[in-house]
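See below for the structure under consideration.
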Amino acid sequence: MSMCPVYSLSIANDGLASFVGRHAERQGRFGAHIPFSELADWIDGQPSLMSGSEDVPIAVDGERVTLTIFLKDGKAIVKKFGTGSGRPDLWAAAEVLDGLAAKVQWEKSNIQ
């Protein structure tokens with residue numbers, strides 16, 4: 001039985017990004033720079049993402065995603081969702097972020 005990928009992707013408003021992965025394409029901690037302004041514009045244009053926190057029921061043993069958007073005022077919007085959520089908007093957000101992560105040049109980090 002293979003292990004499912006477990007990873008965290010964080011992108012700051014200055015474009016600095018971190019990836020921490022287990023059983024994923026990249027193992028360990030990595031850093032990179034991601035063009036943030038285009039991502040921010042896209043997120044701002046997604047009313048369902050900006051509407052507030054949600055915990056959408058998911059299928060048992062399915063993919064789980066937690067998307068956290070930190071706003072300028074310090075508040076956070078948290079969307080928890082996964083396989084079988086029936087929400088193409090949330091699926092698209094995960095695909096956009098994973099797509100950005102796949103395109104950048106990650107560098108192994110020594111920070112624990």
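Throughout, read-outs are computed from the coordinates displayed, never taken from laboratory work. This structure is a prediction, so every number in the text was calculated from the model and none was measured. Cβ sites come from the backbone with ideal geometry, for glycine too, and all protein chains shown count toward neighbours.
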Select from VAL65, TYR7, GLY99 the residue farthest towards the positive end of the dipole of the range 6-104; place +1 on Cβ of Lys and Arg, -1 on Cβ of Asp and Glu, and compute about the Cα centre. TYR7
Using a Gaussian network for the chain with springs between C-alpha atoms less than 10 Å apart, which of these wobbles most: ALA59, ALA101, ALA32? ALA59
Mind sorting HIS23, HIS33 by how few other Cβ atoms lie within 10 Å of their own Cβ, fewest first? HIS23, HIS33
Counting other C-beta atoms within 10 Å, which of PHE81, PHE70, PHE19 has the fewest, and how do the rest follow? PHE70, PHE19, PHE81
Which aspartates and glutamates, if any, have their Cα less than 12 Å from the Cα of LYS79, not counting same-chain residues under 8 positions apart? GLU54, ASP55, ASP89
Less than 15 Å Cβ to Cβ from ASN110, Lys/Arg counted +1 and Asp/Glu -1: what total charge do the surrounding residues give? +2
Distance between the range 5-42 and the range 47-112 - C-alpha centres, whole angstrom: 11
Please give me the summed charge of the neighbours of VAL78: other residues whose Cβ is under 11 Å from its Cβ, Lys and Arg +1, Asp and Glu -1. +1
For the chain, alpha-carbon Rg over 2.2 N^0.38 Å: 1.09
Describe numerically, in nm with one decimal, the distance between label points set 7 Å from Cα along Cα→Cβ at TRP91 and at GLN27. 3.2
